[in-house]
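**Q** First the structure, which I've put down as structure tokens, then a few questions once you've had a look.
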Amino acid sequence: MGEVRVGIVDVDTTHAIEFTKRLNRINIGEGQWVEGARVVCFWAGSSAIRSDEEVKEFARVLREELGVRQVDDLKDMLDMIDAVMIESVDGSVHYERALPFIEAGIPTFIDKPFTCSFEQAKRLAELAEEKGVPLFTSSSLRYAVEVQELKARADEYGAVLGADAYSPAPYHERNPGLFHYGIHAVETLYALMGRGCRQVWCAWQEGAEVVIGIWADGRIGTVRGTRSGVHGYGFTAFCERKIIASSIDTRFIYRELLKRVVEMFQTGKPPLDIQESLEIVAFIEAAMRSMRCGGSPQPVIV
């Protein structure tokens, strides 16, 4: 199978540049390459989060430094690509951006957040199933080396009985609550715990928030999103036979995510059940409801 031709939609995030470097093997160390796909075109779009100047600069880098063709009309991409990556930093536009590609039968990766609305996320998932289109969404933190190592040693450590995860969580009205950046910690938590959260509580302050989730089997998981002081990424996993506390080294998270994205583009098989991604959206919506209700428990509605 030849290289998969990939199109990028929206360039208002450094992910558009960093992913292209790794897929096209330009201006990046050999240990960061991911083979099997190449970014052949992009559509810059507009952004409600980044300035016009920033978007134009990202587009310039893609065109002039990385040699990727820019198209003026999103529909022009349909006949040029085998797969698409929706890279809008603004999750509120992901539904409208992804829709024409799923309808056209094109394998689709949607960068975090999936959407900022459970109903929109559900519609995309249902359409992808109806059309038989591979659909995948994830934060790169889900595939951090430290998370994958813990899962690989499950026989040694035993099952994860509970976990705490943390990440920065600045907020933006276009990506409300944990959708904007705290989703990194939510994805880390779900990578460790899996699906099944039924209820959440949110303790919210200007400088941080903590969301407590109760899983259907009685396990407890927490997310801490920070907005002041030193920021970082990490987790503590409470396993049957060992407690693993680890910070996360972010140097390889893009590479590890792209490995899964390219594999889906090649095989047509998403690496993650879309139902887990839907539950993550529902988890964040429940946390926002709890915050607005002063921390009262809220169901995770899927």
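**Q** In this structure, does Ile26 turn out to be farther than 30 Å from Glu173 by Cβ, modelled with pLDDT of 95 or more and surrounded by fewer than 16 Cβ atoms within 10 Å (Cβ to Cβ)? Before you say what the answer is, go through the steps one by one.
**A** Working: farther than 30 Å from Glu173 by Cβ: yes; modelled with pLDDT of 95 or more: yes; surrounded by fewer than 16 Cβ atoms within 10 Å (Cβ to Cβ): yes.
It is true that Ile26 is farther than 30 Å from Glu173 by Cβ, modelled with pLDDT of 95 or more and surrounded by fewer than 16 Cβ atoms within 10 Å (Cβ to Cβ).
**Q** Right, here's the next one. Find all pairs meeting these conditions: Cβ atoms under 9 angstrom apart; at least six residues apart or on different chains; first residue within the range 146-162 and in contact (Cβ under 8 Å) with a residue 12 or more places away in the chain and under 13 Å from Glu256 (Cβ atoms); second residue of a type in the set (A, V, I, L, M) and part of a helix (DSSP H, G or I).
**A** Val147/Leu141; Val147/Ala191; Val147/Leu192; Gln148/Ala191; Lys151/Ala191; Lys151/Leu192
**Q** So, of the residues in the range 103-115 that are surrounded by fewer than 24 Cβ atoms within 10 Å (Cβ to Cβ) and hydrophobic (A, V, I, L, M, F, W, C), which turns out to be nearest to the chain's Cα centre (by Cα)?
**A** Looking only at the range 103-115, we keep the residues that are surrounded by fewer than 24 Cβ atoms within 10 Å (Cβ to Cβ), and these are 103-106.
With hydrophobic (A, V, I, L, M, F, W, C) added as a condition, the list becomes 104, 106.
On the way: Ala104: 23, Ile106: 19 Å.
Looking at the filtered set, the residue picked out is Ile106.
**Q** It is to be established whether one or more residues within the range 66-77 are out of contact with any helix residue (DSSP H, G or I) (no Cβ under 7 Å at 6 or more places or on another chain) and crowded, with 21+ Cβ neighbours inside 10 Å.
**A** Looking through the range 66-77, at least one residue is out of contact with any helix residue (DSSP H, G or I) (no Cβ under 7 Å at 6 or more places or on another chain) and crowded, with 21+ Cβ neighbours inside 10 Å.
**Q** Restricting to the range 193-207, and then to whatever is crowded, with 19+ Cβ neighbours inside 10 Å and touching a residue at least 60 places away in the same chain (Cβ under 8 Å), can you tell me which residue is nearest to Tyr143 (Cα to Cα)?
**A** Taking the range 193-207 first, the residues crowded, with 19+ Cβ neighbours inside 10 Å are 193, 197, 200-202.
Still in the list and also touching a residue at least 60 places away in the same chain (Cβ under 8 Å): 197, 200-202.
On the way: Cys197: 20, Val200: 24, Trp201: 26, Cys202: 26 Å.
The residue in question is Cys197.
**Q** Which residues, taken from the range 31-54, are closer than 20 Å to Phe101 by Cα and in contact with a strand residue (DSSP E or B) (Cβ under 8 Å, 6 or more places away or on another chain)?
**A** The answer is Ala37, Arg38, Val39, Val40, Cys41, Phe42, Trp43, Ala44, Gly45.
Residues checked against (1) of a type in the set (Phe, Trp, Tyr); (2) over 30 Å from Glu3 (Cβ atoms):
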{"position": "Ala185", "(1), (2)": "no, yes"}
{"position": "Cys197", "(1), (2)": "no, yes"}
{"position": "Trp201", "(1), (2)": "yes, yes"}
{"position": "Arg219", "(1), (2)": "no, yes"}
{"position": "Gly234", "(1), (2)": "no, yes"}
{"position": "Ala237", "(1), (2)": "no, yes"}
{"position": "Arg255", "(1), (2)": "no, no"}
{"position": "Lys269", "(1), (2)": "no, no"}
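**Q** So, Ile253, is that one at pLDDT 95 or above and crowded, with 20+ Cβ neighbours inside 10 Å or not?
**A** On the way: at pLDDT 95 or above: yes; crowded, with 20+ Cβ neighbours inside 10 Å: yes.
In short, yes.
**Q** Based on this model, can you work out whether Arg219 counts as farther than 29 Å from Gly36 by Cα and in contact with a Phe, Trp or Tyr (Cβ under 6 Å, 6 or more places away or on another chain)? Steps first, please.
**A** On the way: farther than 29 Å from Gly36 by Cα: yes; in contact with a Phe, Trp or Tyr (Cβ under 6 Å, 6 or more places away or on another chain): no.
It is false that Arg219 is farther than 29 Å from Gly36 by Cα and in contact with a Phe, Trp or Tyr (Cβ under 6 Å, 6 or more places away or on another chain).
**Q** Let me ask something else about it. Kindly evaluate Glu35 against the criterion of being within 19 Å of the chain's Cα centre (by Cα), surrounded by fewer than 20 Cβ atoms within 10 Å (Cβ to Cβ) and not β-branched (Val, Ile, Thr). Lay out the reasoning, then the answer.
**A** Numbers: within 19 Å of the chain's Cα centre (by Cα): no; surrounded by fewer than 20 Cβ atoms within 10 Å (Cβ to Cβ): yes; not β-branched (Val, Ile, Thr): yes.
No: the conditions fail for Glu35.
**Q** Can you pull out every residue in the range 55-78 that is out of contact with any strand residue (DSSP E or B) (no Cβ under 9 Å at 6 or more places or on another chain) and of a type in the set (Val, Ile, Thr)?
**A** Of everything in the range 55-78, those that are out of contact with any strand residue (DSSP E or B) (no Cβ under 9 Å at 6 or more places or on another chain) and of a type in the set (Val, Ile, Thr) turn out to be Val55, Val61.
**Q** I would also like to ask the following. Taking the range 237-250 as the search range and keeping residues that are in contact with a Gly (Cβ under 9 Å, 6 or more places away or on another chain) and part of a strand (DSSP E or B), which one is surrounded by the fewest Cβ atoms within 10 Å (Cβ to Cβ)?
**A** Residue satisfying both the conditions and the ranking: Ala245.
**Q** Quick check on Lys269: is it closer than 30 Å to Ile28 by Cβ and outside any helix (DSSP H, G or I)?
**A** On the way: closer than 30 Å to Ile28 by Cβ: yes; outside any helix (DSSP H, G or I): yes.
Yes, satisfied.
**Q** Condition (residue is within 30 Å of Val84 (Cα to Cα), crowded, with 17+ Cβ neighbours inside 10 Å and in contact with a Lys or Arg (Cβ under 8 Å, 6 or more places away or on another chain)) applied to the range 213-225: is it met by at least one residue?
**A** Among the residues of the range 213-225, not one is within 30 Å of Val84 (Cα to Cα), crowded, with 17+ Cβ neighbours inside 10 Å and in contact with a Lys or Arg (Cβ under 8 Å, 6 or more places away or on another chain), which makes the answer no.
The values are calculated or read from the model by the stated rules, or taken from the named source; none is laboratory data. Not measured: the values here are computed from a predicted model. All Cβ positions, glycine included, derive from the backbone under ideal geometry; neighbour counts span all protein chains shown.
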